[in-house]
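Inspection log for the structure reproduced underneath, given as structure tokens.
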Amino acid sequence: PCSERTMVGVAIQVEPTSSSGTPDPSSMAALTEVVERVRKTYRSGVTLSYDFRLAQLKQLRKLCIERGEELAAALSTDLRKGKFESYVCEIEIIKAETEHAIRNLKTWMRPEKADRTTTSIMDTMKIIPDPWGVALIISSWNYPVHLTLMPLVGAIAGGNCVIIKPSELAPATSKTLDQLIPQYLNEDCYKVVQGGPKETEKLLAEKFDYIFYTGSSRVGQLVYSAASNHLTPVTLEMGGKSPVFLDNTCNIRMATERILWGKLVNAGQTCIAPDYILCTPDVQEDFIKTAKEMITKFYPDGARHSPDLCRIINERHFRRLQELLSDAEVAVGGETDESERYIAPTILVNVKETHKIMQDEIFGPILPVLTVNSVNEALNFITERNPPLTCYVFSTRREVRDAFTNRVSAGSICVNETCSIIIVNSLPFGGVGKSGIGAYHGKHSFDTFTHKKSVLIKDYSYITDSLIRLRYPPYGDWKQKLITLAIGLPLPGIPWRLIIFLLGISTGMIVILIIQKYYGFTL
């Protein structure tokens, strides 16, 4: 779940959370002008050079280094996020992503050679990563630094100009980003637009060349619908119910520790947090016993008093989570305090698929456990539902891991670990079906924010012209047969440059022989 907004022609419930969410008529009127100014800047070509992109990436890294404390303070205000999680899960990840892009930018920008075919033996062909143009990034509130700046790294590396719309549900972080980004990045190329649902609706009515959205599936569908009005390509980073399967071969202590960390970081408000557990009854018993020990170990002074457990973002989400406990049996935790939006680390048992907790993504520190009798039963349970963003498998048996890897449709599969897949920039991160469209991180972010532009160059040489002359009318059966043969002829791995060189030598020798024969010249 994320902030639910009013989108182009569709009204849904929204909870105003800050003054920035109240539309300002003057700013509303200025949005079109802001987009047009950024588009004019893009058309000037300023973002296309390697030097410009590199400089902007270095500035973004500098922002993370120099202003990390301010970003961490804003995260604490919005989510009561501790310093460790602020840096490890947000600021340092962006710093690492910018450094990765800086190291590899020149290689990423390099045109890719294309293989020749029988119809393009004499041609020069390449694939150029071309910027989309002006991109819109709409980020979510749960990791408001990470989810705003991570796609921005790819957009900058790709050579785009960007309108950035941070979430109004994390007002302190949105305000801080609005203040800091113009101090470090080119103001004409990268604009932050604050506001609530009406500003977002107005932005989506504008023509963008690419839209990158992070948030709930429900709002993602509305973004997709708005983008379709301009045939704008999109990346939708959404969520879903990411399952965990535990079998009796796993190291239960390690597995429980890793599952609880993935569930409790950011108080469960993570798109890839473990959503529910599937295991046999005997494994459930071991898991519950171990989980009680681990929660005490994580929070020795009690979870409520720990600076390491975040709070729920707002009252509406707190009440939503509280309602999910109404028809459930609590095995661990269950304590709540609305005055500080606190929900204790909670594990539920005897959960049925019809319970409220199993209908939508939880997005909180509540973990239901459902029992199954076999691996196949667990697989069937998962595959009968919408594809999750991530599927977690804890097992030492290769056949079990392979069964989940091969049979489960998901954005990613993670074995014997949770959540850390999000920091591996060599892997594409994204969903499938209702959990998302497209992927990013590392080179995959660069690919997302660029279009592969094909380039073919044909010369005016006699050989080239002779080869293509068959396509000109008047046509005949013999021309059709020759062209059909050429189109269908496979090309093995042959050094075509050498062949072309040898053809040139052969042609020259033929010309010399003709001259000798008809003109009597000798060389």
- Note on the structure: Of the residues in segment 451-487, those that are over 45 Å from the mean Cα position of the chain (by Cα), in contact (Cβ under 8 Å) with a residue 24 or more places away in the chain and not in a helix (DSSP H, G or I) number 1
- Query: What residue, of 363, 318, is assigned to a helix (DSSP H, G or I) and either among the aromatic types (Phe, Trp, Tyr) or not assigned by TED's automatic domain parsing to the domain that holds residue 408 (or both)?
  - Reply: 318
- Out of segment 321-334, which residues are within 21 Å of residue 262 (Cβ to Cβ) and either assigned to a loop (DSSP other than H, G, I, E, B) or in contact (Cβ under 8 Å) with a residue 60 or more places away in the chain (or both)? 325, 328, 333, 334
- From 44, 86, 49, which residue is modelled with pLDDT of 95 or more and under 22 Å from residue 168 (Cα atoms)? 86
- Message: Out of everything in segment 271-317 that is within 30 Å of residue 379 (Cβ to Cβ) and among the β-branched types (Val, Ile, Thr), what residue ends up being surrounded by the most Cβ atoms within 10 Å (Cβ to Cβ)?
- Response: 277
- Task: Any residue in segment 271-292 that's within 16 Å of residue 240 (Cα to Cα) and modelled with pLDDT of 95 or more: show its pairings with residues that are buried (at least 24 other Cβ atoms within 10 Å of the Cβ) and charged (D, E, K, R) at Cβ separation under 6 Å, as long as the two are six or more apart or on different chains.
- Result: 273/263; 274/263
- Item | When residues of segment 222-265 are limited to those that are under 26 Å from the mean Cα position of the chain (by Cα) and among the small types (Gly, Ala, Ser), the one surrounded by the fewest Cβ atoms within 10 Å (Cβ to Cβ) | 228
- Note on the structure: Within segment 391-418, of all residues that are crowded, with 18+ Cβ neighbours inside 10 Å and small (Gly, Ala, Ser), the one farthest from residue 246 (Cα to Cα) is 411
- Query: Could you say which residue among 338, 353 is acidic (Asp, Glu), assigned by TED's automatic domain parsing to the domain that holds residue 287 and within 24 Å of residue 287 (Cα to Cα)?
  - Reply: 353
- Message: Among the listed residues 112, 168, identify the single one that is among the charged types (D, E, K, R), crowded, with 24+ Cβ neighbours inside 10 Å and more than 19 Å from residue 36 (Cβ to Cβ).
- Response: 168
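The values are calculated or read from the model by the stated rules, or taken from the named source; none is laboratory data. The structure presented is a predicted model; accordingly, all values stated were derived computationally and were not measured. Note that each Cβ is placed from the backbone with ideal geometry, even for glycine, and that neighbours are counted across all protein chains shown.
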